[in-house]
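Take a look at the structure below.
The values are calculated or read from the model by the stated rules, or taken from the named source; none is laboratory data. Predicted model only: the values in this text are computed from it and were never measured. A quick note on method: Cβ atoms are made from the backbone with ideal geometry, for glycine too, and the neighbour counts reach across all protein chains shown. The protein model used for the area step is the full one, side chains on, heavy atoms only, and it has no ligands, DNA or RNA in it. Shrake-Rupley method; radii C 1.70, N 1.55, O 1.52, S 1.80 Å.
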Amino acid sequence: MPAMFIRVDVDPAVQANAALCKQLVEVCPVDIFRPDGEGKVATVEENLDECTLCDLCIQAAPGQVQVIKLYAT
Amino acid sequence: MRFYEYEAKQLLERHRVPLPKRKLVTDADGAAAAAFDLGGPVVLKSQVLSGGRMKAGGVKFAEGAGQAKQAAAEILKLTINGLTPVGVLVEEQRTIAQEYFAAVTYDGRAKRPVIIFSDMGGIDIEEVAEFHPEHLSRTHFSALHPFSDHIAKQAVAAVGVTGNDLTRLTSIVAALVRIFFDYDMTLAEINPIGRLDDGTIVALDAHMDMEAEARRTHAALLQQLGVPESDNRQARPPTPFEIAAAKVDAADTRGVAGNLTEFDGNLGLIIGAGGGSLTLFDAVRAAGGRPANYCEIGGNPSVAKAAALTKLICQQPKVKKIAVMMNVVSNTRVDIVARGVIKGCIEAGFDPAEKIAIFRIPGSWEEDGFQILKKYGVDYVDRSVSMHEAARRAVAKMGKR
Amino acid sequence: MSILIDESTTFIIQGITGREAVTMAREVLDYGSKLIGGVTPGRKGRAVHGVPVEDTVRAFTERTRVDASVVSVPPGFAADAVFEAIDAGIKLVVVVTERIPRKQVAQFVEYAQERGVRLIGPNCLGIISPGKSKVGGVGGANTERAFKPGKIGVMSRSGGMTVEIANSLSESGLGISTAISIGGDAIIGSTYAELMPLFDSDPQTAGIAIYSEPGGRAEYELAEYMQSSGSRLPVVAFMAGRFMDEMPGMRFGHAGTIVEGKADTAVEKIANLERAGIGVAERIEDIPRLLKERLGEGA
Ligand code: SF4
C-alpha cells in the first residue's frame, strides 16, 4: 500500500552531494532514506507513513528536503 | 505464571521437601498401571490451573487399579472453570493425622515478603484468618538481608507447634522460602502439609506462581519441567484472536499494541494505556455496550503496528464498529495513532468514516491528528468530551442491541 | 506550598541518554525544572539538552546539592541504579522503570526505608507541582494545559490517568497542588496512606483525588488512615477495572492489577472506601463535582 499521509521530496541538487545523502540516511529515526548504492539517496515508500515530523532531515538539508503532510489542506 | 501441582511438587522435591509417592499420567490405562505400581489405595487429582478441584469433582479416591482407571477417565473428561486437565496425578493415599498450611508471598502493604502459616490446613485460609486468627501466623521477613531458618521456626512456633513437628515443619517452610526467592515466585504455597499416622510430614498439594517477567531468567528450569514457551498459563487458554494480537505486538518492538483479551461483544476497542484501558472498558459496559475485546496501546507504537492491530480487530466477523479512545496522552502521539487506525481500517477493506464509531485521543500532536481524522471523515472529539461520554457516544452508534 | 518538590528542587536523571529519558529531559527543562544533569555509565563528558552527563551519581553529589533522582534505566539495571542513588545520599528517588522483578523492588524499597529515603514508583511517571516543577515525565509535552496550579492533591496508580484526572480538575477551576503518579506495581515505595500526611500538612492542598484499581490493599490502608488520623482533607476516588471482578486470576493493565481474592475486587474496595467517608466517582468528570460538594463550593 502506498504512503497515505506523508510525502518526502528530495531536491535533485542533494543527489550530487554524497556526504549530504549519507547524512540524511543517518538522521532519520524511522529509516525513510536509504542509500541507493551509487552515493545517492532514495526514499523508502513503506516507511514514509512512520515519519515523526522531527524535521531532522530538513535541518540537515535546509531548503532541499520537503516533508509534505498529505492530510493538510 | 502458575505451575501445575505436579510441576510445583518437582520443585519441592529438588529442595528435599518430603512428598507422597506419585506418578503423572495422561490416560486411564496409565492411571491403572500407576495405581498398581504404587500399591494400595490411591488419590487421583486433575492437573488443571484452577482452585476448587475437590468441589468440582476433580479429585477422586480409588482402592486399586480398576477403580483408578474409571476415576481417571472421569477426571480427564471433566473441565474445571473452562480448563481441560493436562493429566492426572496418581498418589499413594495416606492416613492424615493433622493438616498444616504454609505460604510465602509478598505483602504489598508491609512491602515485605511474608510467611503465612497455620495449623488448620486443608480449608480456605481466608476463613481461618477470619474465624480462627489464633491459628494463623504472619511472619514478615527481609528481602534485603539474608534469610535464616529461625524465621521459619518463628512462623511455625507462633501457632503453638512444638516437638518433632516444629523441626520438620521448619525445614519445609525454610525450603519454601528458598524456592520463593530462587525462582522469582509471587506465591509459593503448600496446602495441606500433612502429618501422617506414622509421624512423617509430607506436602500433599502445592500452588506456585512465578512472576511472568521472570520466565526468561528461568528458561532452563522451565525447559527441564517441560513448559513450552507458548504456554501462557492464563486463567483460560488464549483464543485465536488473542494469539494473533500477541503476534502483532511481538513482531514490532516499538511501543505496545496488544495485551488483547477477547470478549463476546460487537464493539471493537482500541484503547490505552494500562489505567486508561481499564477505565474505558468499564465506561463502554456502563453505557450498555458490549466490547469485542480489551487491549492496550501505549508507549508510541509505530504506525505499522497500530495499523496491524486495527486491521486484526476490524477483520473479526463479530466486530461491527471500533472505538478508538485513550486518556489525555503525554508521550504516545495522537497523529501517529490516527494514521495507524485509518490505515488498518482501509487495509481491512472498510471505510474509516463508517467503521470508526469515535476517536477520542487528546494530547500530544492532537492538531495533526485531528486534521488526519477530518480528512477521512472520522468522528472525533477532543478533551472537552470525557472518556465516559465518548464511550457513550460510541455505544449509541451501535444501534439497538 | 506543595509537597515533595518545589521550584528549588534540584535533580538528576539516571539513564539520561535513553530514548525516553532524552525526551523527559527536554520536557522537564522546558517546564522550568532544575534538572542539573544525568548519569549513564561510560558517557561522562557528554551533554543532553545542555545538561552534563556523568558516569556516577557521586560525581554530582560530591560537588553540589542533589535533592532528587529520576531512575529511567532498563529493568535489569534499575535496582542497582536505586541503590546507587541512595548510597550517594539522595533523599527522593523516583523510579520510572517498569517491569522490574518484584524481588528487586522489595529489596530497594526496604533499603530506602532503612535509609530514610522517600521512594516514588516504580512504574510511575513522577511528580508535578504545577507552575513550580516536575520531576519525571508526567504530563509530557502538554503539561501546561492539563495541570493548572490549584488546591487538589492527586495520587494515581496509573500515569496516564494522572493526566486525565488532572485535566478534569484543571478544567473545573479547582486545579492541582501536587500530583503524584505513585506507580502500578504490587509493591511501591509510597502508598496513598503514606503520602496523605504530607498533603495534610500542606496549606495549599484542600482536597484529594485518587485513581485506584483492583488488586492490592492500598485502598484499605487509605480508608484506615482516613478513619484513624482525623485528616482534614476530603478525598474522592475513582475506581477503574470494575469488569475485572468477574475475571479472577487474569491480570490487566498494571503488574499489580489482578483479582485473586474477594478483597482485591473493585466492589469490595468501593464499599470499603465509602465506609471511610471517601467519595467514589462513577466517571472521571464526577470527581471535580464531588470534591466541590465536599469543599462546600457547590457544583
Ligand atoms: S521529518 Fe524526521 S522522520 Fe520525517 S523524514 Fe525527516 S528525518 Fe525522517
**Prompt:** For the subset of the range A:1-25 comprising residues that are more than 20 Å from A:Ala72 (Cα to Cα) and within 15 Å of the ligand (Cβ to nearest atom), which member is most open to solvent (accessible area, probe 1.4 Å)?
**Reply:** A:Lys22
**Residue match in the range B:50-57 (condition: modelled with pLDDT of 90 or more and assigned to a strand (DSSP E or B))** = no
**Item:** Qualifying residue in the range B:270-284 (condition: of a type in the set (Ser, Thr, Tyr) and surrounded by 24 or more Cβ atoms within 10 Å (Cβ to Cβ))
**Value:** yes
**C:Gln204 being within 28 Å of C:Gly126 (Cβ to Cβ) and open to solvent by 10 Å² or more (accessible area, probe 1.4 Å)** = yes
**Request:** Mind listing whichever residues of the range B:304-329 are surrounded by fewer than 23 Cβ atoms within 10 Å (Cβ to Cβ) and not in a helix (DSSP H, G or I)?
**Result:** B:Gln316, B:Pro317, B:Lys318, B:Val319, B:Lys320, B:Lys321
**Request:** Starting from residues that are in contact (Cβ under 8 Å) with a residue 12 or more places away in the chain and within 14 Å of chain C (Cβ to nearest Cβ), keep the ones in the range B:131-160 and report whichever is most open to solvent (accessible area, probe 1.4 Å).
**Result:** B:Arg138
**Prompt:** Residues of the range B:171-213 being in a helix (DSSP H, G or I), buried (at least 19 other Cβ atoms within 10 Å of the Cβ) and either under 16 Å from the mean Cα position of the chain (by Cα) or among the β-branched types (Val, Ile, Thr) (or both), which ones?
**Reply:** B:Ile172, B:Val173, B:Val177, B:Ile179
**Message:** Looking at (1) more than 24 Å from B:Lys374 (Cα to Cα); (2) more than 11 Å from chain B (Cβ to nearest Cβ); (3) within 12 Å of the ligand (Cβ to nearest atom); (4) open to solvent by less than 50 Å² (accessible area, probe 1.4 Å), which one does A:Val67 not meet, given that it meets all the others?
**Reply:** (1)
**Message:** Pairs please, first residue from the range B:214-230 and under 22 Å from B:Ile243 (Cβ atoms), second anywhere and open to solvent by 40 Å² or more (accessible area, probe 1.4 Å) and of a type in the set (A, V, I, L, M, F, W, C), Cβ atoms under 9 Å, 6+ apart in sequence or on different chains.
**Reply:** B:Glu229/B:Ala219; B:Ser230/B:Ile243
**Fill in**
Note: among B:Val395, B:Val341, B:Val334, B:Val381, just one is surrounded by fewer than 19 Cβ atoms within 10 Å (Cβ to Cβ) and modelled with pLDDT of 95 or more, namely B:Val381
**Prompt:** Are there any pairs, at least 6 apart or on different chains, whose C-beta atoms fall under 8 Å, with the first in the range A:26-47 and more than 10 Å from the ligand (Cβ to nearest atom) and of a type in the set (Gly, Ala, Ser) and the second at pLDDT below 95 and part of a loop (DSSP other than H, G, I, E, B), and if so, which?
**Reply:** A:Ala42/A:Asp36
**Complete:** Those residues of the range B:239-278 that are under 23 Å from C:Phe238 (Cβ atoms) and in contact (Cβ under 8 Å) with a residue 60 or more places away in the chain come to a total of 4
**Complete:** Taking first residues from the range C:56-82 that are hydroxyl-bearing (Ser, Thr, Tyr) and second residues anywhere that are in a helix (DSSP H, G or I), the pairs with Cβ under 6 Å that are 6 or more apart or on different chains are C:Ser69/C:Ala85; C:Ser72/C:Ala21
**Fill in**
When every residue in the range A:48-64 that is among the polar types (S, T, N, Q) and either away from every other protein chain (no Cβ under 14 Å) or more than 7 Å from the ligand (Cβ to nearest atom) (or both) is compared, the one farthest from the chain's Cα centre (by Cα) is A:Gln59
**Prompt:** Restricting the search to the range C:254-277, which residues are in a loop (DSSP other than H, G, I, E, B) and without any contact (Cβ under 8 Å) to a residue 60 or more places away in the chain?
**Reply:** C:Val259, C:Glu260, C:Gly261, C:Thr265, C:Ala276, C:Gly277
**Request:** Kindly indicate whether B:Ala292 is hydrophobic (A, V, I, L, M, F, W, C), within 14 Å of chain C (Cβ to nearest Cβ) and under 13 Å from B:Asn259 (Cα atoms).
**Result:** no
**Request:** Working carefully through the options C:Gly116, C:Gly183, find the one that is assigned to a loop (DSSP other than H, G, I, E, B) and over 10 Å from the mean Cα position of the chain (by Cα).
**Result:** C:Gly116
**Fill in**
The number of residues in the range C:240-277 that are under 22 Å from the mean Cα position of the chain (by Cα) and charged (D, E, K, R) is 3
